[in-house]
1. Given N residues in the chain, what is its alpha carbon radius of gyration divided by 2.2 N^0.38 Å?
2. Pulled fully out, how much extra length does the chain show between S135 and L38, if you take 0.36 nm times their separation in residues and subtract their Cα-Cα distance?
3. How big is segment 52-145 along each principal axis, measuring the range of its Cα positions in Å and listing the largest first?
4. For the pairs K40/K146; K51/K123; K4/K146; K4/K40; K4/K82, flag any whose C-alpha to C-alpha distance is greater than 25 Å.
5. Among D119, D29, D128, whose mean-square fluctuation peaks in a Gaussian network model of the chain (Cα, cutoff 10 Å)?
6. State the extension gain, in nm to one decimal, for the chain segment bounded by E99 and Q56, taking 0.36 nm per residue of separation less the distance between their alpha-carbons.
7. Which percent of the accessible heavy-atom area of the chain goes to carbon and sulfur, probe 1.4 angstrom?
8. If amide H atoms are built 1.01 Å from N in the plane of the peptide, which residues on other chains or at least 5 residues away come under 5 Å of the amide H of D144?
Amino acid sequence: MDTKQSALLQQEVECLIGVPLFSVTRSADALCLSLGPLAKCPGAIRNENGKLVPAQVSRNVFALEISSYYRMVCGNEILLAKSDLYQPAFSVQERWTLEGIEEIPENFDCEALGNNRLDDRIKQLFSDCKGLQVSAISINQLGDLKLRLNNGFILTALCDVSGGEECWRFFRRDTKQH
């Protein structure tokens, strides 16, 4: 990424400064942040037969999806990181300890919701996002993203591929702009 591209991306994401964080979730191994006010957006809902049909839905205006390596820190502490997905949740570890299981079993399904440490940490840290907002955001010439929240949390997304593939995505849900 050259300086011009970096500056253009920086300009696009600066609209997030001062915007409230609504939720933090994950989809597979991607970290998903919903930010800003609710707006009517094109989407889909399930009809009475369970089939998805196009509809207008209310969603937060901004979304940030990070599929590359990411971590959130506060001070000198790592609060969560992408690799937490592959570690068992604390409750799963406790159960294994009671059952005398000392190592992660081969059949451990780390992607099952609530089965891993990442889900634990997201729930613990972001069960209530009230009052949280973006205080600063920056993108370096490699495309790495750094997002600061007003509570001292810093989320970093590192571009972790050499071929220029997409590592994170910022978009407005009320437009098709990505």
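1. Against the compact-globule rule of thumb, the ratio is 1.15.
2. Values: separation 97, 0.36 × 97 = 34.92 nm, distance 1.97 nm.
Here the answer is 32.9 nm.
3. Sorted from largest, the Cα extents of segment 52-145 read 47, 44, 29 Å.
4. Values: K40/K146 28 Å; K51/K123 30 Å; K4/K146 18 Å; K4/K40 33 Å; K4/K82 29 Å.
Checking Cα-Cα distances, K40/K146; K51/K123; K4/K40; K4/K82 exceed 25 Å.
5. Judging by the Gaussian network model, the answer is D128.
6. Details: separation 43, 0.36 × 43 = 15.48 nm, distance 4.85 nm.
Between E99 and Q56, full extension yields 10.6 nm more.
7. Numbers: 5350 of 10710 Å².
Its accessible area is 50 percent carbon and sulfur atoms.
8. C159
The values are calculated or read from the model by the stated rules, or taken from the named source; none is laboratory data. The shown structure was predicted, so the numbers you read here are calculated from the model rather than taken from an experiment. Note: areas computed on protein heavy atoms with side chains; ligands, DNA, RNA excluded. Shrake-Rupley method; radii C 1.70, N 1.55, O 1.52, S 1.80 Å.
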